[in-house]
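Below is one structure, written out as structure tokens; comments come after it.
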Amino acid sequence: MRPDDHDIEGQDGQSVIDRMGMDAREGEAARMLRDGEPITKEQRAALVKDLAAYRSVRAAGKDARGFAKELAGNIGVAMSTLNEWINGKYRGDDDRISRLVDQFLAVEAQSDKRVKIRGFAMIRVVVECIMAAVTQAVTRRSMAVITGEPGSGKTTFGRWFADRHDGAVIITASDTDGDAKFIVDALHSALVKTYVRFTRQKMREIVAYLQGHKNAVIIVDECQKLTPDALETLRSIHDLSDPAGERNVPIILFGDETFYKLVVRSRGGERTPISPQITSRLFPVVSIERHGLKFDDDGQAIPASVYTKDDIEAIVKNQRLRLVRTDAIAWAVKLANIHGHGRLRLAARVLEIAIDLAKGRQVGVSDLRAALDLFIGPDDAAICVEEMQRVEPLAMAAAG
């Protein structure tokens with residue numbers, strides 16, 4: 001390791017470690033409680049009030065129980081423990097829970113101040129690739145598959161579409177919730193919104209709802225986490241929504257590249273968890289990586305499909321773009337267009353880290369280099385920088 005691997009200086013002479021240390025001190029200052037000092041009743045009551053305010057904002061539009069479970073996990077306690085602490089009925093170490101809540105709220109407050117570049121504006125690859133696939137699925141009333149690496153814009157687009165399309169709902173599978181029961185419970189909660197105890201009755205009410213609401217669109221995020229029976233349940237819901245086969249509910253499946261490969265293998269006749277009955281209903285099947293960008297025989301992005309200067313600027317538009325130097329934007333454009341390193345997702349994350357570390361001053365190339373080293377390590381960063389020198393000249397000319 002080089003002596004200066006973790007001591008890269010920015011334009012203000014501060015090392016990255018110095019700036020990260022400032023982050024830690026600011027985060028500590030944001031806390032209400034101080035280690036070693038007793039917690040007063042007023043402080044505890046204020047924490048309960050602050051947590052309630054946080055929940056009211058963050059839980060909007062989400063499943064209440066699912067959010068409560070996620071919140072407790074993020075704090076580091078069981079959901080029952082958190083509920084007992086909120087209601088003043090916890091019989092364990094109340095101070096420990098209070099300090100965990102205090103620490104969690106301080107981190108969230110710091111996070112809210114940071115530039116959220118990863119929620120980037122829908123650039124051309126999202127608009128042209130994902131929107132085209134979704135439009136096809138809605139028009140043909142089919143089950144579509146759209147895959148891409150994390151951060152490529154699938155979830156952002158899915159939420160945007162669900163917010164703006166009357167009748168569209170989005171549910172998200174997870175490592176613990178991805179079976180057939182999850183599909184039925186989540187869709188019943190999102191569509192019917194009444195209490196029903198039995199899964200079979202929920203299924204009947206979902207189908208009845210869809211038969212009477214032909215504008216409905218179902219979006220399933222993280223579909224690679226669905227079990228075979230969950231996929232079969234979605235196929236059944238799609239078919240039963242219109243037995244005549246004319247206006248079946250469109251179902252959009254967002255997943256990663258492993259799911260795309262699984263679909264391709266299934267269509268090739270290989271025995272996989274995806275049945276032929278399901279694959280026959282999957283159209284279109286789109287990979288953002290494979291279909292959103294086009295590459296020449298040497299693996300270089302061709303001019304018509306590279307990320308342009310406008311694309312990169314769209315990421316930080318209204319996010320203090322004036323703090324990013326022109327040469328730094330050009331450097332980020334090259335980083336976004338190297339082959340095999342995540343491209344836009346990588347460039348967006350590096351920009352986010354660099355702006356965060358700069359703390360209000362203008363970001364230069366040295367800041368981006370430091371952020372790249374921090375994000376992927378100095379060895380991989382050096383490889384990226386070397387590949388940036390080999391980016392197709394014609395492609396970069398098109399990128400502005």
Starting from residues that are more than 18 Å from Gln389 (Cβ to Cβ) and buried (at least 21 other Cβ atoms within 10 Å of the Cβ), keep the ones in segment 312-341 and report whichever is modelled with the highest pLDDT. Val324
I'd like the full set of residues that are surrounded by fewer than 15 Cβ atoms within 10 Å (Cβ to Cβ), of a type outside the set (Gly, Ala, Ser) and part of a helix (DSSP H, G or I), limited to segment 49-68. Lys49, Val57, Arg58, Arg65
Is it true that Gly153 is in contact with a strand residue (DSSP E or B) (Cβ under 6 Å, 6 or more places away or on another chain), in contact (Cβ under 8 Å) with a residue 40 or more places away in the chain and buried (at least 21 other Cβ atoms within 10 Å of the Cβ)? no
Inside segment 65-112, can you point out the residues that are farther than 17 Å from Met32 by Cα and among the polar types (S, T, N, Q)? Asn74, Ser80, Thr81, Asn83, Asn87
Return only the number of the condition from (1) modelled with pLDDT under 95; (2) within 28 Å of Ala244 (Cα to Cα) that Trp160 does not satisfy. (2)
If we ask which residues in segment 357-391 are part of a loop (DSSP other than H, G, I, E, B), closer than 30 Å to Gln110 by Cα and out of contact with any helix residue (DSSP H, G or I) (no Cβ under 6 Å at 6 or more places or on another chain), their number turns out to be 4
Right, Asp175: more than 18 Å from the chain's Cα centre (by Cα) and either in a helix (DSSP H, G or I) or farther than 22 Å from Thr279 by Cβ (or both) or not? no
Does Val220 fit the bill of being in contact (Cβ under 8 Å) with a residue 40 or more places away in the chain, surrounded by 19 or more Cβ atoms within 10 Å (Cβ to Cβ) and assigned by TED's automatic domain parsing to the domain that holds Pro284? yes
Kindly indicate the residue of segment 71-85 that is surrounded by fewer than 16 Cβ atoms within 10 Å (Cβ to Cβ), of a type outside the set (Gly, Ala, Ser) and within 28 Å of Asp163 (Cβ to Cβ) and also modelled with the lowest pLDDT among those meeting that condition. Asn74
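The values are calculated or read from the model by the stated rules, or taken from the named source; none is laboratory data. Everything numeric here is computed off the predicted structure, so don't read it as measured data. Here Cβ is always computed from backbone atoms with ideal geometry, including for glycine, and neighbour counts include all displayed protein chains.
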